[in-house]
1. Between A82 and E15, how many nm apart are label points set 7 Å from Cα along the C-beta direction?
2. Tell me, V12, V21 in order of fewest to most beta-carbon neighbours within 10 Å?
3. Pop out the ³J(HN,Hα) list for region 21-29 in order, Karplus 6.51 cos²θ - 1.76 cosθ + 1.60 with θ = phi - 60°, rounded to Hz; leave Gly and Pro as x.
4. With an 8 Å Cα cut-off and a minimum separation of 6 or more residues, compute the relative contact order for the chain in percent.
5. Rank the residues M23, M1 as a footprinting-exposure proxy: fewest other Cβ atoms within 10 Å of their Cβ go first.
6. Tell me which label goes with the value of semi-axes √(5λ) of the Cα gyration tensor in Å computed from the coordinates here: (1) 32, 27, 9; (2) 33, 22, 12; (3) 27, 15, 9.
7. Report, in degrees rounded to the nearest 10, the 0 to 90 angle that the Cα long axis of helix 4-16 makes with the longest principal axis of the chain.
8. Under a point-charge model restricted to the Cβ atoms of Lys and Arg (+1) and Asp and Glu (-1), what is the dipole moment magnitude of the chain relative to its Cα centre, in debye to the nearest 20?
Amino acid sequence: MIDPHTADGVKVAREHRQPGVPMIVLETALPVKFAATIVEALGREPERPARYQGIEDRPKRVQVLPADAQRVKALIETVCAAE
């Protein structure tokens, strides 16, 4: 089972596959991220890795920033320096 974005990549890769030439498609997200879409398409829930069990109940941290690349970089530097 793969996520919808990776599925698009696999579809395109298959269309461009050449005999004897390896084709690699990288997974872009875990299927559980798109659980509702996968249930709609396949009729069953994707597996959830153990480390993501109960993730909806964990604290959420949100900080709204202006659309400014320098501000985003500065926030990343600050958060990473604190860890």
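Computed from the coordinates by the stated procedures, all read-outs in this text should not be read as laboratory data. Computed from a predicted model, the values in this text were never measured in an experiment. All Cβ positions, glycine included, derive from the backbone under ideal geometry; neighbour counts span all protein chains shown.
1. Simple spin-label model gives 4.5 nm for this pair.
2. Listed from fewest to most nearby Cβ atoms, that is V21, V12.
3. Going residue by residue, I get 10, x, 10, 10, 10, 8, 5, 9, 6 Hz, with x marking Gly and Pro.
4. 24 percent.
5. M23, M1
6. From the options (1) 32, 27, 9; (2) 33, 22, 12; (3) 27, 15, 9, the structure gives (2).
7. 40
8. Its charge dipole is roughly 60 debye.
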